1. Residue B:168 versus (1) more than 14 Å from every other protein chain (Cβ to nearest Cβ); (2) among the basic types (Lys, Arg); (3) more than 29 Å from residue B:231 (Cβ to Cβ): which is the lone unmet condition?
2. Out of segment A:147-170, which residues are within 27 Å of residue A:94 (Cα to Cα), without any contact (Cβ under 8 Å) to a residue 24 or more places away in the chain and within 11 Å of chain B (Cβ to nearest Cβ)?
3. If I filter segment B:498-509 for residues that are surrounded by 24 or more Cβ atoms within 10 Å (Cβ to Cβ) and in contact (Cβ under 8 Å) with a residue 60 or more places away in the chain, do I get at least one hit?
4. Based on what the data block shows, is residue A:135 within 14 Å of chain B (Cβ to nearest Cβ), modelled with pLDDT under 90 and surrounded by fewer than 16 Cβ atoms within 10 Å (Cβ to Cβ)?
5. Which pairs do you get when a residue that is more than 7 Å from chain A (Cβ to nearest Cβ) and buried (at least 16 other Cβ atoms within 10 Å of the Cβ), found in segment B:117-146, comes within reach of a residue that is modelled with pLDDT of 85 or more and part of a loop (DSSP other than H, G, I, E, B), reach meaning Cβ atoms under 9 angstrom, with the pair 6+ apart or on two chains?
6. The conditions are (1) surrounded by fewer than 17 Cβ atoms within 10 Å (Cβ to Cβ); (2) within 13 Å of chain B (Cβ to nearest Cβ), and residue A:144 fails exactly one of them. Which is it?
7. Looking only at residues in segment A:281-315 that are farther than 23 Å from residue A:11 by Cα and surrounded by 24 or more Cβ atoms within 10 Å (Cβ to Cβ), which one is farthest from the other protein chains (Cβ to nearest Cβ)?
8. Looking at B:475, B:416 in this structure, which one is modelled with pLDDT under 90, more than 21 Å from residue B:518 (Cβ to Cβ) and not in a loop (DSSP other than H, G, I, E, B)?
Amino acid sequence: MATFRLVVRRLLSSTPLLFLVSALTFVLVSLVPGDPARTIVGQHATVEQYETVRRQLGLDEPLPVQYWHWLVRVFHGDLGTSLFSGEPVTSVLNNRLPVSLSLITAGTIVSGVLGVLLGLLSARRGGLLVKAVDVLALVGLAVPAFWFALVLIAVGAVRLRWFPVTGYVPLADDPVEWGRSLVLPVLSLSLSAVAIIAKQTRDSVLDTFGRDFIRVMQANGFSRRSILYRHVLRNAALPLVTVLGVVLVSLLAAAVFVETVFAMPGLGSLTQQATVQHDIPVIQGAVLYITILVVLVNLLVDLAYSRLDPRVRAA
Amino acid sequence: MKQPTTPSAPRSRNRRPLIRRVLVRPAGALSLGWLVLLTVATLAAPLLTTHGPLDQDLGHVLSGPTADHLLGTDNLGRDLLSRLLFGGRSTLLAVGEALAVFLALGVTLGLASGFLGGWVDWLTVRTADLLFALPGIIIVLVVLSVFPGNLHAAMITFGVLGSPGIIRILRSQTLGIREELYVAAAKVAGLTRQQILRRHILPRLISTVIVQAALFAAIVVTIQAGLGFLGLGAQPPDPTWGGLVADASQALDRAPWMLVPSGIPLVLTVLALGSLGDAVRDAATEGWSVSRMTAPTDAPRTVRDDRRPAGTVTTNSTRSGTSALLSVRNLSIDIGGVPVVQEVSFDIAPGETVGVVGESGCGKSVTSLGILGLVPGGGRVAQGQVLFDGTDLVASPAARTQVRGTGIAYVSQEPMVALDPMFTVGRQLGEAVRRHERCDRREARSRVTELLDMVNIPDPAAVAGRHPHQLSGGMAQRVAIALALAGRPKLLIADEPTTALDVTVQAEILTLLRNLQADTGMAVLIVTHDWGVVADLCHRAVVMYAGQVVEAADVEEMFARPLHPYTAGLLAANPHRAREGEPLPTIPGTVPAPRDWPSGCRFAARCELADDRCAEPVTLTEPAPDRLSRCVRSQQLLAEGTS
């Protein structure tokens, strides 16, 4: 019940974000130089033909009214049709969503596992590993995903031929090839995320180790294993969850580049193509989808936080 | 015109200018060097290159580095060094545009929000929070789809989208500074808002602004290259860094070398901006948070001067002889190479309660943790023995681990942070019980109830289901004591167990400790600065000053006739003995920090009775049977008393 209330409250509080983004997009689009009606009817149409098309497109109405009509259509699942392919935008987006979700889910798992392991090792062992994690954090954030992706292709696909150069095989077609086609994209997506997570894990584990209750447990004979794996980890997980949320949102952004490099038909590469082609309805739809994903990620973070922290759970 | 005088902003002494402090750091100097070099080379590109960025040399396409083409050529034989330097110009411009917007918005709104408060603050924070949640690159793509190829629009947008980060930081810093005393004083002195902002607030924010600007510039460089790579920036054949990477991607199989000149300068630039930001931050905050206790600096001057041959102090073990449960002998503890506890010795007999008394900073807590081998702050036991039931815990880590919980248990000062906030009381107690008793869950549960009963918790079953944050301070301390009792210890170390509690609760906890000791027969070592606690509970007291034992005696004898001026001063300052209408006597001065310990008597500077003899190291003597004192006048004090 408390969880349900939390979900509702979070969803309500993220509505402004959705409206802001869609309104922003809408206003920007209305600034497009050139006249869509003129583009459709051509240079030689009569004034009446032109006016008819303008009315059909709703362009004769004031901007807020146009936005309202757009919103109403969106709520009916109608995001318009692609100017480029003529397909309904919703079906274009729905076809592409699974690709991005595979990539981002795999990227989250890989960077989460690798980052937490590295951070833990560095906190436990100290010495060289501490330096290594610091260097990784600096470099991981400095190396752009798209360039790192090319390096991975040059080594892992062109030279060693272990993985396909580009392309994406749907899971339903061939699970093994699906996995192989994801390895390099996931690695390039994860580099900076691993860096951030490893550093955060190390810092919050060390921070937790310095807290009073850990000393009390040591003094009263709790086992090392339990202190580290039950008590320190559980407490260190809290700040980590927040960071994980930020990382997930940054993965959404990085997916634009990674999907483009690997020619994966996902939401990110769609946004890039639509930008190049000035396919406005598709852009609007993609932005809406991505914003909804951001809202969902933040919701998941809040839920995870409230599961983990008894103080929030009770509130 | 006369300016009102104002107190000046607090400044650390001997501070060199920020730029010098950044440059003395290798990372700072290297980063700044690279950025300056790159900027100059980019601006002077026409002078530095022999080939134009668009000149094609079709006889040498996709070549590696040669004397003619230092970084090689691309698929049209164009010189990569030239394209890199000319391409850097668009990067520079993009960073300039985005930074200008970022700083203009960020500094103005951050300052206004923090300084003015009210609706300005409310609106700014709300908007910033909304923008913060967006993936900026997506919005930039929308802008580029509307204004094709217009990188200026993209960079200005990106500057806007990046500003919430700096707005939040500057807002909270401004809020902090505004509340500080000297700004309040400046206001009283009649300065205008602009003057306060310009003179007192802006100077303090400069390093933060530089740090944020450097980190943001790093992101802009990446994003600008990314847009170029996606074909959304300047159009071919104009060179951009991102475009170079895109060219390289077309020739991955034939000329993987191209990845190097197209990517490495980009990575180095982002790296340089990032570590420049870190260097400025470190330089700006250097010396602010270095704890005196833990700083690993030069060895203190006086420490070893007064060292006597080991063993002279073991006299006080004569009292209980070999029958002592715990015998601490010549225990010295270092933290960060600085001795904080020196040659402390005392014994505790089975069932005995001993109080360790002294002001804060005398090494009481460190000593009690040192017994368990848990010195905080990376410290270590430098020498000495801790004999528990005849086994030296310093020499044997295995015995030490073994004894924790079952032989010696520990209760800390702050009950509210002594329990893991994530687990229920029952889970934590259950874990301790199962660890020590090796029993199954059912037995553990009934033992948990029993333990909670022992510490007088009214409804054990209900409390076991609660989390620490749902307990009151007194309740939490009872639970912490129950946790310590789980291993049926022979000795309980309680480090100021009542200091953090309300007075009424203090009395309850003390009564509980006394009853527990009577019931279980365990010995108790209680660290305290409260003579009431000593009088109430203890058989014997050990007084510590500046890391040394200065007096040890039976409580009644000590109260009747203290044999060290420090003990006498502490007793006189005891609020329990205060007489109505008279000011409470205090000991002038403060306990010296470990670094400042003199070679002679450490209390001499605060002592009314000090004379020339006190400049020499003073040893612990036994002026009367079972009484120890570290004072040159101990015989005199024994005969005459302190008053």
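1. That leaves (1) as the condition not met.
2. A:165
3. So far as segment B:498-509 goes, no, none of its residues is surrounded by 24 or more Cβ atoms within 10 Å (Cβ to Cβ) and in contact (Cβ under 8 Å) with a residue 60 or more places away in the chain.
4. On the way: within 14 Å of chain B (Cβ to nearest Cβ): yes; modelled with pLDDT under 90: yes; surrounded by fewer than 16 Cβ atoms within 10 Å (Cβ to Cβ): yes.
For residue A:135, the condition - within 14 Å of chain B (Cβ to nearest Cβ), modelled with pLDDT under 90 and surrounded by fewer than 16 Cβ atoms within 10 Å (Cβ to Cβ) - is met.
5. B:140/B:232
6. (1)
7. Of everything passing the filter in segment A:281-315, A:282 is farthest from the other protein chains (Cβ to nearest Cβ).
8. Working: B:475 fails: modelled with pLDDT under 90.
The match here is B:416.
The values are calculated or read from the model by the stated rules, or taken from the named source; none is laboratory data. All figures in this text were calculated on a predicted structure; none of them were measured in a lab. Every residue, glycine among them, receives a Cβ derived from its backbone with ideal geometry; neighbour counts consider all protein chains shown.
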